[in-house]
Amino acid sequence: MIPAKFKTGDRVKVSKAYPVGHVRTPPEHVRTPYYIRGQVGEVERLCGNFPNPEKLAEMLSGLPALPLYRVRFRQNEVWPDYRGSDSDLLEVEIFQHWLEKP
Amino acid sequence: MKDQGNYRPLSYFQLMEISLRELLVEKGIVTDAQVDAEVEDMRRRGPERGARVVAKAWTDPDYKKRLLSNGTVACEELGLDIPALKLVVVENTPEVHNAIVCTLCSCYPRMLLGIPPDWYKSRNYRSRMVREPRAVLAEFGLVIGKEIQVRVHDSTADMRYLVLPMRPRGTEGWSEDRLAGLVTRDSMIGVALPDSPGKTA
């Protein structure tokens, strides 16, 4: 089990490691939506440790299990033309290996 | 009447499903009876399971606390068997409205709400719900005032989500069973409010 690097309230940035167009760049199955890559948010909670879905998709064990976080983003930062309230939020589950310090 | 039936060739995924199932049965990994039983189980589970959880939380403040801190354990407490479901319950308040989406596929708390509606799996809902949630909610007939914060939860990994809607006014003294009758599937996804008490009176 990989230890958690972040805690509730920490600022984190989602990696842009696998941009669009790199169809054959491994891993081929990721659970980090494209729209949230490169965005900065705040850890809402640590959900626990779970097998890496990118490895599970390759029929591997996905172990050691990775910390999974719920990360909270401000909608008006994710979408520059966001129409709604400035306080609106978006919360996304992201595995630790996709997160870095902003 | 036209001289045609409604026969259509199987789609790619239908064909894949049948091929895979037949192979699994042929190789003795599962039996037809096991597949049928699983499908039957899935059909039997419906949103009334989630409604029970919500009604309990409305009538028992201690239960609500437990539900919000660990949804999985709180469901098991009610005898609701939810294997492998890591449940996060998000509470609607006068200041915050929550809604659930899975942009990557169609993750859904099936153990509590049954089979997801087709619109939940549609590209339209999945792509727009994170991008313009207020416009999508308005299309469901739910207009959220600007003074209320909209929180969208993208169910991207191992958690599953359930919205705990606000208890409707005018239901003071109601039993859990009666309250559960007001809790709709859509209100637990966050695209609607529970029915109003007048509707079932």
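Coordinate-derived values only; no laboratory data. Treat the numbers as computed from the prediction; the structure is a model and nothing was measured. Here the Cβ is made from the backbone with ideal geometry for all residues, glycine too, and neighbour counts use every protein chain on show.
Assorted remarks:
- Under a 5 Å amide H cut-off, with hydrogens placed 1.01 Å from N, A:L99 pairs with A:S15 among residues at least 5 apart or on other chains.
- Sequence-ordered 3J(HN,Hα) estimates for the range B:117-123 from the Karplus curve with 6.51, -1.76 and 1.60 and θ = phi - 60° stand at x, 4, 4, 4, 8, 6, 4 Hz, glycine and proline given as x.
- Angstrom value of the Kirkwood radius, inverse mean 1/r, which spans all Cα pairs in the range B:77-201: 15.3
- Per-pair calculated FRET efficiency, R0 = 41 Å: B:V25 and A:A4 via Cβ, rounded to 0.05: 0.45
- Shielding of peptide B:156-166 by partners, expressed as the average count of other chain Cβ atoms within 10 Å per residue Cβ, is 4.
- Part-to-part distance (alpha-carbon centres) for the range B:147-168 and the range B:25-55, which is given in Å: 25
- Subtracting the Cα-Cα distance of B:S127 and B:I18 from 0.36 nm times their residue separation leaves 36.3 nm of extension gain.
- Computed over the range B:1-94, the P(r) tail beyond 23 angstrom holds 53 percent of alpha carbon pairs.
- Residue-wise HN-Hα couplings along the range B:36-49, as the Karplus relation 6.51 cos²θ - 1.76 cosθ + 1.60 with θ = phi - 60° gives them from phi, are 4, 5, 5, 5, 4, 4, 5, 5, 6, 6, x, x, 5, 5 Hz; Gly and Pro carry x.
- Antiparallel beta bridges, as assigned by DSSP with both residues in the protein assembly as shown, represent about 55 percent of the total such bridges.
- Surrounding net charge for B:K64, when Lys and Arg each add one and Asp and Glu each subtract one, Cβ distance under 13 Å: -1
- Built amide H within the under 5 Å cut-off of B:Q149, gap 5+: B:V96, B:H97
- Listed residues B:D186, B:D41, B:D154, most fluctuating in chain B (Gaussian network, C-alpha, under 10 Å): B:D41
- Applying a 4.7 Å Cβ-Cβ cutoff to chain B, the cysteines left without a disulfide-compatible partner are B:C75, B:C105.
- Largest mean-square fluctuation among B:R185, B:R128, B:R52, in a Gaussian network model of chain B whose springs join Cα atoms under 10 Å apart, belongs to B:R128.
- Spatial extent of the range A:45-102: Rg and Dmax, with the Cα atoms as the point set, Å: 14.8, 43
- log₁₀ of I(q)/I(0) at q = 0.11, 0.16 Å⁻¹ - the protein assembly as shown, Debye sum with one point per alpha carbon: -0.77, -1.43
- For A:L63, distant residues with modelled amide H under 5 Å away: A:N52
- Under 12 Å from A:K55, Cα to Cα: aspartates and glutamates that are on another chain or at least 8 residues apart: A:E28
- Taking other residues whose beta carbon is less than 14 angstrom from the beta carbon of B:Y108, and scoring Lys, Arg as +1 and Asp, Glu as -1, yields +4.
- Values of log10 I(q)/I(0), in the order q = 0.16, 0.24 Å⁻¹, for chain A under a Debye, Cα-only, solvent-free model: -0.71, -1.30
- Across A:V71, A:V12, A:V92, mean-square fluctuation computed from a Gaussian network of chain A (C-alpha pairs under 10 Å connected) peaks at A:V92.
- 3J(HN,Hα) along the range B:173-181: x, 6, 6, 4, 4, 5, 4, 4, x Hz, from the Karplus curve 6.51 cos²θ - 1.76 cosθ + 1.60 with θ = phi - 60°, whole Hz, x for Gly and Pro.
- For chain B, adding -39500 (n - 2.57) for each run of n ≥ 4 DSSP H residues and dividing by the number of residues yields -12000 deg cm²/dmol at 222 nm.
- Entry note, chain A: the mean residue ellipticity at 222 nm calculated from DSSP H runs of n ≥ 4, each adding -39500 (n - 2.57), is -1000 deg cm²/dmol after division by the residues and rounding to the nearest 500.
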